[in-house]
């Protein structure tokens, strides 16, 4: 037993030394434990902030900018405007980006899938610009869409100048906005097809190969981590946004401005450890069970069950009573005709008396209006 214990300690030391990651025994307890310039730990589902340090400071975030490039590309694919199998022709501008890259050749065709994978796994600047030019015609036009999408997501601390995160005047974001952005990215299945790849070869049209190695070491060394984005420049320091899921609980952890790569991985892991150790997921609103039964006015049926249109859960501190309250705004009766997807009321989720979520209430079926014959039939039944 003693030998096994000593071996475990030595293994943990080797892991932390070789990979720059401490074993999962460090627990952040407050923002003061974070040495990096800014940080945040956020619940994926409710967007509740569990730990934060200077999370709204507007600072350079290096290649974490590429999360927006990834998001816009994935959304184009899901909208049917782009296919993973589509071929794009690279430009000399894209091929000459420098920095973190996969060394694409200019004036040749690559698949959208290979370029997207190169951005997600290897943080490739050249692949990022190739995607931007293919989707919007130019990087400048693509950046306009990046800023538009950021506003739609409520990212008020962010302004994009390029799609790569390379240093540029007036380009900035924040730990909070980076967490909000990763929440959005992590909700797409296409993203997760590539986010956990550790090593893979990119085969160029010429047959030349470039090895892709995931810049986010936590996908290999932290239990439950299945996505994220690193960033590193002299201006921004070492940055990391990562997401991890254990059971039904997903967390978002962001570190900005760490002094070195080892620190960003250690502090991001420590935030995860604190969240998983001290919080639990509580389902507040379910879509499976009917909320209640309402009468139907002027309909072919007399009553109908109503349901929440989406579920809602929140993190609460273990061993403490949560201060969430769920209330309903429902009519005394539903007036037909109504389609099953039509909103007939609201579920309000409040925290400490403040509404944090509104959810539509819908019927479980289409409700057709009563016809003249239906009315006569009902009169006959009463007689």
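Tabulated data for the structure shown
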{"read-out": "Acute angle (nearest 10 degrees) that the helix 125-136 long axis makes with the longest principal axis of the chain, alpha-carbon atoms", "value": "40 degrees"}
{"read-out": "In nm, spacing of pseudo-spin labels at residue 84 and residue 210 (7 Å Cα→C-beta vector)", "value": "2.0 nm"}
{"read-out": "Folded to 0 to 90 degrees: helix 261-278 orientation relative to the chain principal axis, Cα", "value": "30 degrees"}
{"read-out": "Protection-proxy order for peptides 359-365, 204-210, each taking the mean of Cβ atoms within 10 Å per residue, highest first", "value": "359-365, 204-210"}
{"read-out": "Structure-derived semi-axes √(5λ) of the Cα gyration tensor in Å: which label, when the choices are (i) 37, 25, 18; (ii) 48, 29, 19; (iii) 45, 29, 19", "value": "(iii)"}
{"read-out": "Helix-only [θ]222 nm of the chain, DSSP H runs n ≥ 4, -39500 (n - 2.57) each, per residue, nearest 500", "value": "-9500 deg cm²/dmol"}
{"read-out": "Nearest 10 degrees, 0 to 90: helix 139-152 Cα axis against the chain principal axis", "value": "40 degrees"}
{"read-out": "Spin-label pair residue 33/residue 111, simplified geometry with 7 Å Cα→Cβ offset, distance in nm", "value": "4.4 nm"}
{"read-out": "Computed label-point distance, nm, for sites residue 248 and residue 360 using a 7 Å Cα→Cβ extension", "value": "2.4 nm"}
{"read-out": "Pairwise FRET efficiency - residue 311 versus residue 140, Cβ, R0 = 45 Å, nearest 0.05", "value": "0.65"}
{"read-out": "The chain - share of DSSP beta bridges that are antiparallel (%, nearest 5)", "value": "95 percent"}
{"read-out": "Cα-only radius of gyration and Dmax that characterise segment 143-302, units Å", "value": "20.6, 71"}
{"read-out": "Protection proxy ranking, peptides 272-279, 288-295, average beta carbon neighbours within 10 Å, highest first", "value": "272-279, 288-295"}
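Only the coordinates and a few stated rules stand behind these numbers; no lab work does. Keep in mind that this is a model prediction, so the values were computed, not measured. Reconstructed Cβ throughout: ideal geometry from the backbone, glycine too, with neighbour counts over all protein chains shown.
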